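Visitor: Take this structure, written in structure tokens, and hold onto it; I'll ask about it next.
Readers should treat all values here as calculations from the given coordinates under stated rules, not as data from a laboratory. The structure presented is a predicted model; accordingly, all values stated were derived computationally and were not measured. Counting neighbours? That spans all protein chains shown, and the Cβs are built from the backbone with ideal geometry, glycine included.
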Amino acid sequence: MTLGNPIIGGILPALLTPMNADGTVINLESARRLVDHLLARGVDGFFVAGGTGEGLLMTSDERRALLEAVVDQNAGRGKIVAHIGAIATPEAQRLARHAAELGVDAVAAVPPIYFRVDRSAIVDHYRLIAEAAGDVPTHVYNIPSATGVEINADLMRELIQIPGISGIKYSAYNLYDMQRIIRLRPDITVFSGFDEVFVGGLAMGAHGAIGSTYNVMPSTFSAIYQAGKAGDWEKARVLQEKANLVIDALLTAPLFAGLKAIVTRLGIDCGVPRRPQRPLTADETSALFRAVDAAGLAELEEEALGLVRQLTT
């Protein structure tokens, strides 16, 4: 076990993967435009091909092509965490090697899913991935609501004995357990993963956050992060409260389809999600736009962008 892994902090959108009108083909040109748009709005990097990015619904070739495009467009401006998780460990290993060759800042993987395996198999899964990633740090992705597998502090204590395991995306509400993970070792990167409680995660010691709604509220969450770093917790709390009103509106429709519709309205064609997720109907799209407009999405983002510029200059 070697200490001294670099901490990766800041706001990393769980990047949407733009697709065509029926969700069958990835739109790499729009992906590049989305990278530029989000960086201009204050984000610190990207989480590529995770759940929001529909990575598990894409072929391996698609995942490699997407990551290559994002890394190229990013051009070193932000940190890149590549989600290489797969149902089969050998596939995750192949994707980890590819990501490492591209020079990403870290790879991340969900635990084994669908097939229920024991603790020893989970540890082996991450050991094999970390070995494939080589010198690139490997992060665990804890999202028990989706995987049915919880990576708690006790299991994480065992996982960080594996050379290369140095971080976690913690998508759960148990911020006490998240803080226990932070206390395990001073060089573990811990990302808060639930957008609606980010300010709580930040106050509990998270180094940053990875989230879906950052695709449409990049400046808002960047401002929360900067305000928290500056010790202005009241400003951070108020911004989180405003962001949660928008999240309430977003949750009136299937989330990923709704996020793609909103980004498309901004002028970056994101198409629709891949099946089995479904696109929004025309009526649902209109209702969603009315809901987020009533929640003040545009006004909040402009206010937050000004704060980001103020806090980072």
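Visitor: So Asp293 passes all but one of these: (1) in a helix (DSSP H, G or I); (2) within 20 Å of the chain's Cα centre (by Cα). Which condition number does it fail?
Guide: Failing condition for Asp293: (2).
Matching residues to (1) surrounded by 18 or more Cβ atoms within 10 Å (Cβ to Cβ); (2) of a type in the set (Lys, Arg); (3) at negative phi:
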position	(1), (2), (3)
Ile8	yes, no, yes
Pro18	yes, no, yes
Thr24	no, no, yes
Asp36	no, no, yes
Gly42	yes, no, no
Thr59	no, no, yes
Glu62	yes, no, yes
Ala65	no, no, yes
Val71	yes, no, yes
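Here is a yes/no grid of residues against (1) closer than 24 Å to Ile26 by Cβ; (2) surrounded by fewer than 23 Cβ atoms within 10 Å (Cβ to Cβ); (3) in contact with a strand residue (DSSP E or B) (Cβ under 6 Å, 6 or more places away or on another chain):
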{"site": "Gly78", "(1), (2), (3)": "yes, yes, yes"}
{"site": "Ile87", "(1), (2), (3)": "yes, yes, no"}
{"site": "Gly103", "(1), (2), (3)": "yes, yes, no"}
{"site": "Leu128", "(1), (2), (3)": "no, yes, no"}
{"site": "Val140", "(1), (2), (3)": "no, no, yes"}
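Visitor: Also, quick follow-up: Kindly list the number of the only condition in (1) hydroxyl-bearing (Ser, Thr, Tyr); (2) within 25 Å of Arg180 (Cα to Cα); (3) in contact (Cβ under 8 Å) with a residue 40 or more places away in the chain that fails for Thr89.
Guide: (2)
Visitor: Next up: Given the conditions (1) surrounded by 16 or more Cβ atoms within 10 Å (Cβ to Cβ); (2) free of Cβ contacts under 8 Å to residues at least 60 places away in the same chain, which single one is not true for Ala282?
Guide: Among (1) surrounded by 16 or more Cβ atoms within 10 Å (Cβ to Cβ); (2) free of Cβ contacts under 8 Å to residues at least 60 places away in the same chain, the lone unmet condition for Ala282 is (1).
Visitor: Mind checking which pairs have a first residue in the range 260-278 that is more than 18 Å from Val35 (Cβ to Cβ) and a second that is surrounded by fewer than 16 Cβ atoms within 10 Å (Cβ to Cβ) and not charged (D, E, K, R), Cβ under 7 Å, 6 or more apart or different chains?
Guide: Val272/Ala21
Visitor: Against the definition (surrounded by fewer than 17 Cβ atoms within 10 Å (Cβ to Cβ) and either without any contact (Cβ under 8 Å) to a residue 60 or more places away in the chain or on the phi < 0 side of the Ramachandran plot (or both)), how does Thr52 come out, yes or no? Full working, then the answer.
Guide: Details: surrounded by fewer than 17 Cβ atoms within 10 Å (Cβ to Cβ): no; either without any contact (Cβ under 8 Å) to a residue 60 or more places away in the chain or on the phi < 0 side of the Ramachandran plot (or both): yes.
For Thr52, the condition - surrounded by fewer than 17 Cβ atoms within 10 Å (Cβ to Cβ) and either without any contact (Cβ under 8 Å) to a residue 60 or more places away in the chain or on the phi < 0 side of the Ramachandran plot (or both) - is not met.
Each row is one residue, and each column tells you yes or no for (1) surrounded by 19 or more Cβ atoms within 10 Å (Cβ to Cβ); (2) touching a strand residue (DSSP E or B) at 6+ places or on another chain (Cβ under 7 Å); (3) part of a loop (DSSP other than H, G, I, E, B).
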| residue | (1), (2), (3) |
| --- | --- |
| Ile151 | yes, yes, yes |
| Arg157 | no, no, no |
| Gly167 | yes, yes, no |
| Tyr173 | no, no, yes |
| Leu184 | no, no, yes |
| Ile224 | yes, no, no |
| Ala227 | yes, no, no |
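Visitor: Would you pick out the residues in the range 44-78 that are in contact with a Ser or Thr (Cβ under 8 Å, 6 or more places away or on another chain) and acidic (Asp, Glu)?
Guide: Result: Asp44, Glu54.
Visitor: Sticking with this one: Looking at Val216, is it farther than 22 Å from Ala146 by Cβ and out of contact with any strand residue (DSSP E or B) (no Cβ under 6 Å at 6 or more places or on another chain)?
Guide: Taking the combined requirement at face value, the residue does not satisfy it.
Visitor: Those residues that are part of a helix (DSSP H, G or I) and of a type in the set (Asp, Glu), I need them from the range 109-129; list them, please. So that I can check it myself, show each step before the final result.
Guide: Looking only at the range 109-129, we keep the residues that are part of a helix (DSSP H, G or I), and these are 119-129.
Result: Asp124, single match.
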